[in-house]
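Read the structure below first, then the notes.
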Amino acid sequence: MDESTSITLNDTAMVVDLTKIDDCIDDFSYEPKKEKQEVPMYIISDEEWLRSLPEKERSWYRSNVTTIEEIETRTIVCTACFKQTNHKKLGEVSRHPTLNVPLCKNCKNFYFDGAWTKDEEGSFEFCGWCAQGGELLLCAEKNCPNSFSSRCIKRNLGRSSLSQIENCDDWKCFECKPKQIREQRALYYSLHKYWQSIITKEEERKGRGQQLRLKGGRKKSES
Ligand SMILES: [Zn+2]
Ligand SMILES: [Zn+2]
Ligand SMILES: [Zn+2]
């Protein structure tokens with residue numbers, strides 16, 4: 001089988017597969033596995049993030065993108081504090097450092113503020129999503145120190161997903177199995193596209209302003 005055939009087949013399989021979350025042991029593990037021990041110190045750029053994704057994942061975001069018009073009129077809440085964000089203003093919403101979902105400025109600062117201490121078993125004592133304490137569910141992946149608060153899971157994925165995760169002895173976290181939060185990630189991707197369109201419009205407007213000034217300048221020198 002050549003490469004193009006295998007990609008097409010996988011894509012078809014994925015479209016069918018992605019219609020529901022039916023299992024706590026998720027198979028959406030096409031992200032490169034890494035041995036994660038510490039939290040990142042900064043957030044890589046959106047461009048760098050998108051480049052790092054497998055084509056399959058990028059194309060899923062492309063086909064599940066929320067339109068610019070819809071983003072314009074929608075209320076976007078932070079996935080960590082659930083407060084409404086001012087997403088139309090550039091820089092008010094960031095990409096979560098490990099989950100790549102929308103995060104407000106306050107929650108981003110809070111994430112990087114203070115030490116990420118671990119318990120005796122080596123799991124983080126703070127939620128990998130909101131960076132707060134609380135009732136934490138631990139990742140079962142070997143070498144993954146992540147834990148996630150039941151509050152974040154319930155708010156973002158709903159009560160039934162939370163109880164599925166609670167009842168699963170082998171739950172792999174959102175960083176290890178990002179398929180679980182693909183919708184939140186697709187929303188970030190849509191925001192990224194929206195901001196790009198704002199920047200493009202702004203540049204066009206500036207360009208037009210420049211042309212008008214040039215015309216005006218000529219007029220003045222003529223008179
Ligand atoms: Zn927030
Ligand atoms: Zn949390
Ligand atoms: Zn994990």
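Since every read-out is calculated from the coordinates, none of them should be taken as a lab result. These numbers were taken from a predicted model, which means no experiment stands behind them. When we count neighbours, we look across all protein chains shown, and the Cβ atoms used for this are built from the backbone with ideal geometry, even at glycine.
Observations
- Beyond 24 Å in Cα-Cα separation lie the following of the pairs K105/K142; K56/K154; K105/K154; K56/K83; K118/K172; K83/K154: K105/K142; K56/K154; K56/K83.
- With θ taken as phi - 60° and the Karplus curve 6.51 cos²θ - 1.76 cosθ + 1.60 applied, the whole-hertz 3J(HN,Hα) list for segment 122-133 is x, 9, 4, 8, 10, 5, x, 9, 9, 6, 9, x Hz, x standing for glycine and proline.
- Our coupling estimate for segment 150-160, obtained by passing each phi through the Karplus curve with A = 6.51, B = -1.76, C = 1.60 and θ = phi - 60°, is 4, 4, 5, 5, 5, 5, 8, 10, x, 5, 6 Hz, Gly and Pro reported as x.
- Packing rank of 74-80, 87-93, 119-125, 203-209, where each peptide gets the mean count of other beta carbons within 10 Å, highest leading: 74-80, 87-93, 119-125, 203-209
- Residue order for Y61, Y111, fewest other beta carbons within 10 angstrom first, comes to Y61, Y111.
- Taking amide H as placed 1.01 Å from N in the peptide plane, the amide H of V77 sits under 5 Å from that of T85, each at least 5 places away or on another chain.
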